[in-house]
1. Please work out the Cα center distance from the stretch 23-97 to the stretch 190-228, rounded to the nearest Å.
2. Can you give the FRET efficiency for residue 213 and residue 17, using 1/(1 + (r/R0)^6), R0 = 30 Å, r = Cβ-Cβ distance, to the nearest 0.05?
3. Using only Cα atoms, figure out Rg for the stretch 26-124 and give it as a multiple of 2.2 N^0.38 Å.
4. Between beta-carbons, use under 9 Å as the cut-off and find the net charge around residue 18, counting Lys and Arg +1, Asp and Glu -1.
5. What distance in nm separates the simple spin-label points at residue 169 and residue 195, each placed 7 Å from Cα in the Cβ direction?
6. Between beta-carbons, use under 11 Å as the cut-off and find the net charge around residue 171, counting Lys and Arg +1, Asp and Glu -1.
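Coordinate-derived values only; no laboratory data. What you are looking at is a predicted structure, and each value in this text was computed from that prediction instead of being measured. Cβ atoms come from the backbone with ideal geometry, glycine included; neighbour counts cover every protein chain shown.
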Amino acid sequence: MRPAEPIRVFLVDDQELVRAGFAMILSATPDLRVVGSVGGGQAALEALRQPEHRADVVLMDIRMPGLDGVETTRRLLAGEDPPRVVMLTTFESDDLLVAALRAGASGYLVKDAGPAELLSAIRAAAAGDSPVSPRLVRRLIDSFVLVAPAASPGDRPSAAPSTLARLTVREREILAAIGLGLTNVEIAARLHVAESTVKTHVGSVLRKLEVRDRVQAVILAQTLGLADGSRAPG
């Protein structure tokens, strides 16, 4: 059997030491390959147009001088066949979290995440999942709530508690697990089901609750009190 191609990762961060640290971790991992590294948004847009820098996943710093990570992500995802973007943030970046959500980032990772969390987030994003660092969940929710009055209807989870009646017991369990920031692989292990089954349930949950993406599902699960680490209510 032919081995799978490594996941191609591109790094964007204005701190050279951060990029070097990530590159060192990724380069020691057989299923990942660093295809480029730049220190700014404009440089990233230019580099990612080149075939040799084609990436499956971009690790994008949210706060950079010049073109920040939010605007860079928005422009990058407007192109043809864009990569998945995992936004790198700190606990001081609350003001940009919602903007990053609207820009279409696939996931959110705390900048000082450990190697295991970093690798898991990249693999999850490459597989079409939307990783959210558990440490960021509360910040993401608080930031979203603070700007909610100014948000457009399409940017806000609109499902009322009664809407949860549309979900099966298993789908509520899935939603609760999403609210904890778990990836599909982690949910599958937690519930002892196949990953493909989890993907099917996640799609059904998003559709029934009329939320745009997995990150909004995280916010909804938390605001409805489902994601408390216990079994979801039936």
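1. If we compute the Cα centre of each part, the gap is 26 Å.
2. With R0 = 30 Å, the Cβ-Cβ based efficiency is 0.40.
3. Ratio of Cα Rg to 2.2 N^0.38 Å: 1.02.
4. -2
5. Placing both labels 7 Å along Cα→Cβ, they lie 2.8 nm apart.
6. +4
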